[in-house]
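Have a look at the structure below, then the notes.
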Amino acid sequence: MLKKKYEFKILFSKGKIAYGSNLTMYILKNKLTVNKLGIAVSKKSGKAVDRNRIKRLIKENYSIFEDRIECGYNILISVNKKCEIKKVDYYIVKKEIEKLFKKSEIWLEKYEKSIDKNH
């Protein structure tokens, strides 16, 4: 996990950005062989219970897609200010995170082809 303030600052300033309707993703290559995830939710988004709920949804959905994305990136998922976090559910977050990974071009193509064959 990304936890340090300077890690977030570097991602905000130098990271590649992918926008969604509820989430924004910042991605920057790191020197490790693993991905590091950070989650940013503004206090203006809602009370602590609601902010923690959306963080749990993001972490859970990230863990589902973790093996389908390239390794070696710092990833910051930020909740947009206009997002009504009380109305966001598991499936909305899942769909949006998948869309953002594909948009940011770190989605592994081999999973894309195997998914298409099954449907």
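Worth pointing out:
- Search result, residues across the range 70-85 that are buried (at least 17 other Cβ atoms within 10 Å of the Cβ) and either modelled with pLDDT of 95 or more or at positive phi (or both): Tyr73, Asn74, Ile75, Leu76, Ile77, Ser78, Val79
- Restricted to the range 10-49, and to residues there that are surrounded by fewer than 17 Cβ atoms within 10 Å (Cβ to Cβ) and aromatic (Phe, Trp, Tyr), the residue that is farthest from Ile106 (Cα to Cα) is Phe12.
- Test for Glu7: is it touching a residue at least 40 places away in the same chain (Cβ under 8 Å), surrounded by fewer than 19 Cβ atoms within 10 Å (Cβ to Cβ) and assigned to a helix (DSSP H, G or I): yes
- Pair list, Cβ under 7 Å, 6 or more apart: the range 73-95 residue farther than 23 Å from Lys16 by Cα and in contact (Cβ under 8 Å) with a residue 40 or more places away in the chain, other residue hydroxyl-bearing (Ser, Thr, Tyr) and surrounded by 17 or more Cβ atoms within 10 Å (Cβ to Cβ): Ile85/Ser45
- Among the residues of the range 54-69, the ones that are crowded, with 16+ Cβ neighbours inside 10 Å and farther than 18 Å from Lys102 by Cβ come to 3 in all.
- Residues (within 16 Å of Val93 (Cα to Cα), of a type outside the set (S, T, N, Q) and part of a loop (DSSP other than H, G, I, E, B)) located in the range 17-64: Gly20, Val41
The values are calculated or read from the model by the stated rules, or taken from the named source; none is laboratory data. Just so we're clear, the structure is a prediction, and the values are computed from it rather than from any experiment. A quick note on method: Cβ atoms are made from the backbone with ideal geometry, for glycine too, and the neighbour counts reach across all protein chains shown.
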